[in-house]
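Undergrad: Shown below is the structure under consideration.
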Amino acid sequence: MAGKVFFSVSMSLDGFIAPESAGDLMGRQWMELQQWIFPQRFFRENLKLGGGGEEGRDNDIVRETFERTGASVMGRRMFDAGEQMWPEEAPFHTPVFVVTHEKRDPWERPGGTTFHFVNDGIETALDQAREVAGDRDVRIAGGGATILEYVNAGLIDEFSIALSPVLFGSGVRLFEGVDAGRVALEPVRAEPTRRATHLTYAVRER
Ligand SMILES: NC(=O)c1ccc[n+]([C@@H]2O[C@H](COP(=O)([O-])OP(=O)(O)OC[C@H]3O[C@@H](n4cnc5c(N)ncnc54)[C@H](OP(=O)(O)O)[C@@H]3O)[C@@H](O)[C@H]2O)c1
């Protein structure tokens, strides 16, 4: 059976998923947005940030999101930022399809992650990801522009938002430009933890 296509992001309470400038990526706003995930044991191990860390529902959510993912798709800007930051053993451990206009050979990392660069659009990238994911799910990893393309194309089945207790005021809005007339949402789960509120929705066509 084919898996689902989903995304899972951290969002500020006022709807932003990234600071205005990519240069601020490791700045205060980004750290506050992600403050729920950095202490989690699974996240720390996967990013090689050192041992220890919290266990509990936040950690389980990070692990479950990883385990359900058989392949990821991401935009070029997320890849460019990650290329600078991920450890040599990149944290995906599956194929990753990067939608881009740039032509580039596949980039294989130790630990099972291979980045494939797809030049003919989001549907081709998704077809390739589905093929290798088998019965596991495909994660549209980000960033905002790429997620929105998939939402507006009606290709997302489900999404999760970790709503962080932080206000940005400005930045990159997750749903800026969404085709709201096309998308209907069905609540699946709402899980508050000490650090964030985890919201999951199924996407239905209107
Ligand atoms: N809050 C979170 O949980 C979270 C999660 C992930 C990412 N992010 C944030 O998201 C930001 C990056 O997102 P972004 O929206 O700026 O960019 P993005 O979606 O990562 O990448 C956009 C780029 O991907 C390429 N692309 C996208 N669609 C394409 C298509 N159909 N055909 C060919 N190329 C295509 C284009 O690059 P080229 O034309 O240059 O090839 C485009 O400029 C980062 O700041 C990151 O922090 C946040």
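The values are calculated or read from the model by the stated rules, or taken from the named source; none is laboratory data. Because the structure is predicted, anything quoted here is derived from the model rather than measured. As a convention, Cβ positions derive from the backbone with ideal geometry for all residues, glycine included, and neighbour counts pool all protein chains shown.
Undergrad: Write out, first by first residue and then by second, each pair whose Cβ atoms fall under 7 Å of each other, whose residues are 6+ apart or on separate chains, and whose first residue, in the range 45-62, is touching a residue at least 24 places away in the same chain (Cβ under 8 Å) while the second is exposed (fewer than 14 other Cβ atoms within 10 Å of the Cβ).
TA: Within 7 Å, the pairs are Leu47/Pro87; Lys48/Pro87.
Undergrad: Still on this structure, please answer the following. If you scan the range 139-169, which residues turn out to be assigned to a strand (DSSP E or B) and of a type in the set (Val, Ile, Thr)?
TA: Ile140, Ile161
Undergrad: Kindly provide the set of residues from the range 180-206 that are farther than 20 Å from Phe38 by Cβ, loosely packed, with under 14 Cβ neighbours inside 10 Å and either at pLDDT 95 or above or among the hydrophobic types (A, V, I, L, M, F, W, C) (or both), ordered by number.
TA: Hits for the range 180-206 are Ala180, Ala184, Leu185, Glu186, Pro187, Val188, Arg189, Ala190.
Undergrad: Here is a further query. Can you tell me which of (1) out of contact with any His (no Cβ under 7 Å at 6 or more places or on another chain); (2) in contact (Cβ under 8 Å) with a residue 12 or more places away in the chain is the one Pro192 doesn't meet?
TA: (2)
Undergrad: Next question. Restricting the first residue to the range 139-155 and requiring it to be closer than 14 Å to Val96 by Cα, which pairs with a second residue that is part of a helix (DSSP H, G or I) and more than 6 Å from the ligand (Cβ to nearest atom) meet a Cβ separation below 6 Å and a spacing of at least six or different chains?
TA: Ile140/Ile147; Ile140/Tyr150
Undergrad: Would you check which residues across the range 169-188 are within 18 Å of the chain's Cα centre (by Cα) and either among the aromatic types (Phe, Trp, Tyr) or farther than 18 Å from Glu149 by Cβ (or both) and list them?
TA: Across the range 169-188, the qualifying residues are Gly171, Phe175.
Undergrad: List the pairs whose first member sits in the range 65-91 and is assigned to a loop (DSSP other than H, G, I, E, B), whose second member is hydrophobic (A, V, I, L, M, F, W, C), and whose Cβ atoms are under 7 Å apart, counting only residues at least 6 apart or on separate chains?
TA: What qualifies is Pro87/Leu47; Pro91/Leu47.
Undergrad: State all residues of the range 85-110 that are away from the ligand (no atom under 16 Å from the Cβ) and of a type in the set (S, T, N, Q); if no residue qualifies, say none.
TA: Once the filter is applied, which keeps residues that are away from the ligand (no atom under 16 Å from the Cβ) and of a type in the set (S, T, N, Q), the range 85-110 yields only Thr94.
Undergrad: Something else now. Quick one: Glu205 ticks every box in (1) farther than 25 Å from Asp58 by Cα; (2) without any contact (Cβ under 8 Å) to a residue 24 or more places away in the chain; (3) out of contact with any Asp or Glu (no Cβ under 9 Å at 6 or more places or on another chain) except a single one, so which number is it?
TA: Among (1) farther than 25 Å from Asp58 by Cα; (2) without any contact (Cβ under 8 Å) to a residue 24 or more places away in the chain; (3) out of contact with any Asp or Glu (no Cβ under 9 Å at 6 or more places or on another chain), the lone unmet condition for Glu205 is (2).
Undergrad: Among the residues that make up the range 120-133, is at least one of them part of a strand (DSSP E or B), free of Cβ contacts under 8 Å to residues at least 60 places away in the same chain and touching a Pro at 6+ places or on another chain (Cβ under 9 Å)?
TA: Of the range 120-133, the ones part of a strand (DSSP E or B) are none.
No, because not a single residue in the range 120-133 is part of a strand (DSSP E or B), free of Cβ contacts under 8 Å to residues at least 60 places away in the same chain and touching a Pro at 6+ places or on another chain (Cβ under 9 Å).
Undergrad: Here is a further query. May I ask you to say which residue of Gly134, Gly112, Gly121 is exposed (fewer than 14 other Cβ atoms within 10 Å of the Cβ), in contact with a Gly (Cβ under 8 Å, 6 or more places away or on another chain) and more than 30 Å from Thr193 (Cα to Cα)?
TA: Gly134
Undergrad: Got at least one residue in the range 56-76 being more than 18 Å from the chain's Cα centre (by Cα) and not aromatic (Phe, Trp, Tyr)?
TA: Checking the range 56-76: at least one residue is more than 18 Å from the chain's Cα centre (by Cα) and not aromatic (Phe, Trp, Tyr).
Undergrad: Follow-up. So for the range 126-138 (the condition being within 9 Å of the ligand (Cβ to nearest atom) and on the phi < 0 side of the Ramachandran plot), does at least one residue qualify?
TA: No: zero hits.
Undergrad: For the range 23-64, how many residues are within 11 Å of the ligand (Cβ to nearest atom) and part of a helix (DSSP H, G or I)?
TA: Count: 5.
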